[in-house]
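Presented below is the structure to which this report refers.
Where a number appears in this text, it was derived from the coordinates with a stated rule and is not lab data. Remember, predicted model here, so these are calculated numbers, not experimental data. Don't worry about glycine lacking a Cβ; one is built from the backbone with ideal geometry, like all the others, and counts go over all protein chains shown.
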Amino acid sequence: MNLQTNELKISSPAFQNEGEIPSKYTCDGDGINPQLHIENIPEGTNTLALIVEDPDAPNGVFDHWLVWNIRPVSKINEHSLPGTSGDNSAGKSGYHPPCPPSGSHRYIFKVYALDTTLDLLAGSKKHDLQAAMEGHVIAEGSLTGRYQRKK
């Protein structure tokens, strides 16, 4: 069986890949999620999942947003909750805006196309989400933004 996954193309009108995330989407602004565009969603996609994480956090990877059972749409709107939300590393549900304690951090928006609807309770953690997605990812893609707080 060929388990090769297709690549989703993830972009945002708010920032370029590897570009600076506008402060509107951070703790220094409105703290809302940016709009995301998703292209190349393969046939057979039942739902999408989204994980936003900061690999540069001082205590290891910080999970900023976990959402699953998103309808397979080409756009996730700004300031939205497109599916079922899990708990971020701050112990809260929903989007936790970038707010690096020092320096510039990377924020990786990872989108997964799944061939199923996940039977996962709201408030679940990232390891639960990753376990539930196991064997169901048919495509994935990511968009990386950077943010450094202004003094």
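Structural remarks
- By the count of other C-beta atoms within 10 Å, a proxy for reagent exposure, E20, E43, E78 are ordered fewest to most as E43, E20, E78.
- For T116, T45, order by how many other beta-carbon atoms lie within 10 Å, fewest first: T116, T45
- Two-site label geometry, Q35 and S74: point separation in nm, points 7 Å out along Cα→Cβ: 1.3
- Computing Cα extents along the principal axes in Å for the structure here picks out one of (1) 69, 35, 31; (2) 122, 37, 21; (3) 52, 29, 26, namely (3).
- Sequence of H127, H96, H136 once ranked by neighbouring C-beta atoms within 10 Å, starting from the fewest: H127, H136, H96
- Cα-based Lys proximity count in region 59-151, under 26 Å, for pairs eight or more positions apart or on separate chains: 11
- Relative contact order of the chain: 31 percent, from C-alpha pairs under 8 Å at least 6 residues apart in sequence.
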